[in-house]
Amino acid sequence: MIRENIASVEERICRACERAGRDRKDVHLICVTKTKPVEMLREAYDAGQRDFGENRVQEICRKKPELPGDLRWHMIGHLQRNKVRQLIGKTVLIHSVDSVRLAETISEEALRAGIVMPVLIEVNAAAEESKFGVSPEHTEELIRAISTLPGIRVEGLMTIAPYTENPESNRAYFAQLRQLAVDIGQKCIDNVSMGMLSMGMTGDFEVAVEEGATHIRVGTGIFGERIYT
């Protein structure tokens, strides 16, 4: 079933790319595996997937040793500063940086590990009180502060749009994030690239692709509903 679900998601991505005049290669599918057992991840791996996203550091730490070494792990959930040390070196991209203090901790641990950690700035585009992220109007200010830190590089923006039955209702938030990235990119800030836009999930990823998403995060559409224990 997982292989079939991935094929269905892939077809929808391709159609969205065609509508937007985009190259399919410019969109990265991240399989969101929170609460899912390792066996299901292996099925997705066997179906050709290599990018996997988790919301919790301990899930990455637990699952990573049990899976092939060429998986690319993405930290897509809220990251606590006291968990950063466990995460550094295990993930290719942190999608959820929303404060200078968190960025400073990532910088310190990346320097300790001798790496440069790519990150995205999480933007609360819909101004939802229940969501983390910096407001659009304070995003550039945060990026400028983070850009001076060693061991960390800002590669773009991320947002979690509201849950909705109508994907079109989130188009404005995706368009807003894309325009924000364009505007900040034009400032040519040192150590900052706006080449990545992480936006769109199972319910609205096609609209996100049409609006310029480079990374979409799909869990339920591949693995089914979350499993809680």
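For Arg81 and Arg144, FRET efficiency with R0 = 22 Å and r from the beta-carbon atoms, rounded to 0.05? Working from the Cβ atoms, E equals 0.60.
Report the GluC sites (Glu not before Pro) located in the range 153-189 that are in a DSSP loop and have at most 13 other Cβ atoms inside 10 Å of their Cβ, or state none. Here the GluC sites (Glu not before Pro) that fit, given the DSSP loop and packing criteria, are Glu165. For the residues Ala175, Ala103, Ala213, a GNM of the chain with alpha-carbon springs under 10 Å puts the largest fluctuation on Ala175. Partners of Lys36 within straight-line reach, counting lysines whose Cα lies under 24 Å from its Cα and excluding those fewer than 8 residues away in the same chain: Lys63, Lys64, Lys83, Lys90, Lys131. Note on the chain: dipole from Cβ charges, positive end direction compared against Pro118, Asn5, Val218; the farthest Cα belongs to Pro118. Extending each Cα 7 Å along its Cβ direction at Val116 and Val92, get the distance between those two points in nm, one decimal. Each label point is offset 7 Å from its Cα along the Cβ direction, giving 1.7 nm. The calculated 222 nm mean residue ellipticity attributable to helices in the chain amounts to -11500 deg cm²/dmol, summing -39500 (n - 2.57) over DSSP H runs of n ≥ 4 and dividing by all residues. A crude spin-label estimate for the pair Arg153 and Ala47, with each label 7 Å from Cα along the Cβ direction, gives 3.2 nm. Close amide H contacts of Arg153 (hydrogens built in the peptide plane, cut-off under 5 Å, sequence separation of 5 or more or a different chain): Met117, Val119. Output the relative contact order of the range 105-183, whole-number percent, from Cα pairs under 8 angstrom with separation of 6+ residues. Worked out over the range 105-183, it gives 35 percent.
Where the centre of each part is set by its Cα atoms, how far does the range 62-82 sit from the range 1-41, in angstrom? Computed from Cα coordinates, the inter-centre distance equals 19 Å. Potential lengthening of the chain between Leu67 and Glu129 amounts to 18.7 nm, from the contour at 0.36 nm per residue minus the alpha-carbon distance.
For a quick check of your reading of the filter: which GluC sites (Glu not before Pro) in the range 82-150 sit in a DSSP loop and have no more than 11 other Cβ atoms within 10 Å?
Glu129
Charge dipole (Cα centre; +1 on Lys/Arg Cβ, -1 on Asp/Glu Cβ; no other charges) of the range 107-200 amounts to roughly 260 debye.
Only the coordinates and a few stated rules stand behind these numbers; no lab work does. Note that the structure is a prediction, hence the values are computed from the model and not measured. Reconstructed Cβ throughout: ideal geometry from the backbone, glycine too, with neighbour counts over all protein chains shown.
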